[in-house]
């Protein structure tokens, strides 16, 4: 989720309960489901070792960029291992190649790595990519899995770009039920 107020203060925010049902514990009489980010801790040596004041590494990465033209871009997505891939795709398409924000979010996506409940680390490509590109990737040795046109596994991106003239451009992912709203 991103938000920009009338004064130009911008926030990028991702809320997550981790896995489909978080901890599986609901606070009585509230319906609030507790998160399960603590599942990433381990008792073994390493960066996620349980200890006082420690936080486990995770994939959440809300993004905000202040651009050279004076714009501010707040953007983010959910999607496990695909999050940094989607983040870089949205940023590159919008900032470096000039696609408007909605085009950048809607464009075909890839995911190299695992998705929820899957053990494979194949290169997953939405079927809207050029078939010649898909064949080139296979020829280069990638194990390619072609998936549907707008796959949930590719994350649910959204963003707002506040331009120097005060105009805000907002976009939401057709892969999810998000919305853009302004008051």
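The values are calculated or read from the model by the stated rules, or taken from the named source; none is laboratory data. Keep in mind that what you see is a predicted model, and the values were worked out from it rather than measured. Positions of Cβ are generated from backbone atoms using ideal geometry, with glycine treated the same way; all protein chains shown enter the neighbour counts.
Structural remarks
- Total residues in region 149-171 satisfying the condition of being touching a strand residue (DSSP E or B) at 6+ places or on another chain (Cβ under 9 Å) and more than 19 Å from residue 11 (Cα to Cα): the figure is 6.
- Residue in region 79-89 that is at positive phi and surrounded by 13 or more Cβ atoms within 10 Å (Cβ to Cβ) present: yes
- Taken over region 5-27, the residue count meeting the criterion of being in a loop (DSSP other than H, G, I, E, B) and modelled with pLDDT of 85 or more is 7.
- Answer from 2, 76, 82 - the residue that is outside the structural domain of residue 175 (by TED's automatic domain parsing), touching a residue at least 12 places away in the same chain (Cβ under 8 Å), under 24 Å from residue 159 (Cα atoms) and touching a strand residue (DSSP E or B) at 6+ places or on another chain (Cβ under 7 Å): 2
- Beta carbons closer than 6 Å, at least 6 apart along the sequence or on distinct chains, pair a first residue in region 113-135 that is at positive phi with a second that is not in a loop (DSSP other than H, G, I, E, B) for 113/81.
- Considering region 28-42, the residues that are modelled with pLDDT of 90 or more and at negative phi include one that is farthest from the chain's Cα centre (by Cα), namely 28.
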